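Let me begin by presenting the structure, written as structure tokens, before commenting on it.
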Amino acid sequence: MIQTVLLDISGVLYQGPEAIPGATEALTRLRSSGLQVRCLTNSTRQPKHRIMDKLRDLKFEIQPEEVFTPVAACLDWLSRTGHSPRLLVHPALEEEFSACDRNGPPAVIVGDAAQEFSYENMNRAYRLLQNGAPLIALANNRIFKDEDGQLSLDAGCFVKALEYATGIRAQLLGKPDPGFFRAAVASTGAAPAQTAMIGDDAESDIAGALVAGLAEAYLVRTGKFREGDETRFAPEPTDTVSDVCEAVARLTGLAA
């Protein structure tokens, strides 16, 4: 029996500056049905507090502890290992690492750096990796739906370039890493087998959740979804639905 529902944010709850129609009500329906909610995002172009501000501006009732980002996992890793971050991330994200110790051995941290993915910056990261620095990927998504409504290259493309150049395999801290899903589930006291996922990325959200042991995963036709995604990756989704409203209706046993 499902006790917890994990949701992707961009493309599921909102797209660009607007909430997905009915998404705020769908979130309310989950809570009123007694289900716990956690939101997982691979977004690395902005710090968590800005994501929270946007959700609240769009009238979503979300608490900070209900939102899981790869940066939080990365900060924990840096603290445990004693590494010092060498950032290849969006400038807006750099504030998240301001309190990190800069005296330890370097680790290359890659997020969605947008225009910062220059030859100079990529080559600087390459040289650090060649000298023994570990490669930490905040996400490895191939594409995302940009603010202009078109698909754009995501961080995973640049992570793969560094892996190819160095022969080093990145350590992933965001979706689809099973540990990322399980940490969010564990925060609710539920088990993966009592948890469902709702996402727009068939690879990172859906296949990743099912590999992590979640019971169900619903692929929505909003956000970055394109026809054929539902059969492109394994495991395939429990079902492909129109949007978060239909997914929530399935999970709560109510008519959409």
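The values are calculated or read from the model by the stated rules, or taken from the named source; none is laboratory data. All figures in this text were calculated on a predicted structure; none of them were measured in a lab. As a convention, Cβ positions derive from the backbone with ideal geometry for all residues, glycine included, and neighbour counts pool all protein chains shown. Heavy atoms of the whole protein, side chains included, go into the accessibility calculation; ligands, DNA and RNA do not. Shrake-Rupley method; radii C 1.70, N 1.55, O 1.52, S 1.80 Å.
Going through (1) more than 20 Å from Ala137 (Cβ to Cβ); (2) at pLDDT 95 or above; (3) outside any helix (DSSP H, G or I) one by one, Gly104 falls short only on (1). A single member of Phe97, Phe68 is touching a helix residue (DSSP H, G or I) at 6+ places or on another chain (Cβ under 8 Å), open to solvent by 20 Å² or more (accessible area, probe 1.4 Å) and aromatic (Phe, Trp, Tyr), and it is Phe68. Taking the condition of being within 19 Å of Met52 (Cα to Cα) and open to solvent by 60 Å² or more (accessible area, probe 1.4 Å), how many residues in the range 73-94 meet it? Total satisfying the criteria: 2.
Please go through the range 1-56 and give me each residue that is open to solvent by 60 Å² or more (accessible area, probe 1.4 Å) and either aromatic (Phe, Trp, Tyr) or within 12 Å of the chain's Cα centre (by Cα) (or both), ordered by number. The one that is open to solvent by 60 Å² or more (accessible area, probe 1.4 Å) and either aromatic (Phe, Trp, Tyr) or within 12 Å of the chain's Cα centre (by Cα) (or both): Arg45. Of all the residues in the range 202-244, those that are under 19 Å from Gly174 (Cα atoms), part of a loop (DSSP other than H, G, I, E, B) and in contact with a strand residue (DSSP E or B) (Cβ under 7 Å, 6 or more places away or on another chain) number 3. Go through the residues of the range 192-201 one by one and say whether even a single one is in a helix (DSSP H, G or I), open to solvent by less than 10 Å² (accessible area, probe 1.4 Å) and touching a residue at least 12 places away in the same chain (Cβ under 8 Å). No, the range 192-201 contains no residue that is in a helix (DSSP H, G or I), open to solvent by less than 10 Å² (accessible area, probe 1.4 Å) and touching a residue at least 12 places away in the same chain (Cβ under 8 Å). Checking the stated criteria, Val211 turns out not to satisfy the condition of being surrounded by 20 or more Cβ atoms within 10 Å (Cβ to Cβ), within 30 Å of Asp76 (Cβ to Cβ) and of a type in the set (A, V, I, L, M, F, W, C).
The test for being open to solvent by 40 Å² or more (accessible area, probe 1.4 Å) and closer than 22 Å to Thr24 by Cβ does not hold for Arg232.
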